[in-house]
């Protein structure tokens, strides 16, 4: 599963950096990023047909680890809570 977290478009609308997040293994993430880069020309053509813009930006995909970091932090917080519950029950 790939999630778009942010898009930054250059002022001249010639380039759009699309930040994406992916929860999975390193290999799955690499495969997803490769697939997105490979599909960029197709997506650009689709945008040309669907948008009424003079310049349709070239799409560049970048990995954004923010969702992954958030999931890891939530996991750590839950571990601490579970440890505290265990300590309180054992008193």
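FRET efficiency for residue 33 and residue 53, Cβ-Cβ distance as r, R0 = 22 Å, nearest 0.05? Please report the intermediate quantities before stating the final value.
Details: r = 26 Å, r/R0 = 1.18.
Computed FRET efficiency for residue 33 and residue 53 comes out at 0.25.
Just to be sure I understand the model, the point goes 7 Å from the Cα along the line to the Cβ. What's the resulting residue 73 to residue 8 distance in nm?
2.0
Along the Cα→Cβ direction, 7 angstrom out, place labels at residue 40 and residue 88. What is the inter-label distance in nm?
5.1
Can you give the alpha-carbon Rg of the chain over 2.2 N^0.38 Å, where N counts its residues? Numbers along the way, then the final one.
Values: Rg = 19.7 Å, N = 91, 2.2 N^0.38 = 12.2 Å.
Expressed relative to 2.2 N^0.38 Å, the Cα Rg reads 1.61.
What does the helix-only formula give at 222 nm for the chain: each DSSP H stretch with n ≥ 4 adding -39500 (n - 2.57), the total divided by the residues, and the result rounded to the nearest 500 deg cm²/dmol? Please report the intermediate quantities before stating the final value.
Details: 2 runs with 50 residues, N = 91.
Roughly -19500 deg cm²/dmol at 222 nm, from the helical runs in the chain.
Among 31, 88, what is the fewest-to-most ranking by other Cβ atoms within 10 Å?
Starting with the residue having the fewest Cβ neighbours, the order is 88, 31.
A short reminder: the numbers here are calculations on the coordinates, not readings from a lab. Everything numeric here is computed off the predicted structure, so don't read it as measured data. Don't worry about glycine lacking a Cβ; one is built from the backbone with ideal geometry, like all the others, and counts go over all protein chains shown.
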